[in-house]
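The structure under discussion appears below in the form of structure tokens.
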Amino acid sequence: MWTKIQKSKTARYGIPMLLLIVGGSFGLREFTQIRYDAQKIKKKMDPALEAKLNLQKQSVILEEEFEKLKEVNLDTWKNIRGPRPWEDSKQHQDQERARLSKGS
């Protein structure tokens, strides 16, 4: 009887295939659940920070920003080149500011 079952194509190929499909679906469900749980945790924010962001979003009014821009004198600005990757940022900015102040 046991040898007859071992020679059967259904027992030899079909049952392992069904086990793989059913087991794979359960395993996949668990892995996707872990993924969604991790995304949910990542999206949670500190309540204080979230309240601060909401306050900033609500307090920005277009007319107030326009008034701030009207006060800025855009005709006298100087273009300062940013540092290249191999240059020291702080030192380069100080040199540029010194050069511009000498020129004015």
Dipole of the chain, positive end: most advanced residue of 89, 62, 15 [Cβ charges, Cα centre]:
15
With point charges of +1 on the Cβ of Lys and Arg and -1 on the Cβ of Asp and Glu, referenced to the Cα centre of the chain, which listed residue (32, 100, 79) lies farthest in the positive direction of the dipole?
32
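Mind checking the chain for chymotrypsin sites (Phe, Trp or Tyr not before Pro) that DSSP puts in a loop (not H, G, I, E or B) and that have at most 10 other Cβ atoms within 10 Å? Could the numbers behind the result be given before it?
On the way: sites: 2, 13, 26, 31, 36, 66, 77, 86; in loops: 77, 86.
Within the chain, the qualifying chymotrypsin sites (Phe, Trp or Tyr not before Pro) (loop, at most 10 other Cβ atoms within 10 Å) are 77, 86.
Mean shadow of the chain, computed from the convex hull of its alpha carbons, in nm²? Before the final figure, lay out the partial values.
Working: hull surface 69.7 nm².
It is 17.4 nm².
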Any idea what the dipole of the chain comes to, in debye rounded to 20, about its Cα centre with Lys/Arg Cβ at +1 and Asp/Glu Cβ at -1?
1160 debye
Cβ-derived FRET efficiency at R0 22 Å, residue 68 paired with residue 97, nearest 0.05:
0.35
Please compute the modelled spin-label separation between residue 46 and residue 78, points set 7 Å along Cα→Cβ, answer in nm with one decimal.
3.7 nm
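We did not get these values from a lab; they are worked out from the coordinates using the rules stated. These figures come from a predicted structure and were not determined experimentally. Heads up, the Cβs are rebuilt from the backbone with ideal geometry, glycines too, and the neighbour counts pull from every protein chain shown.
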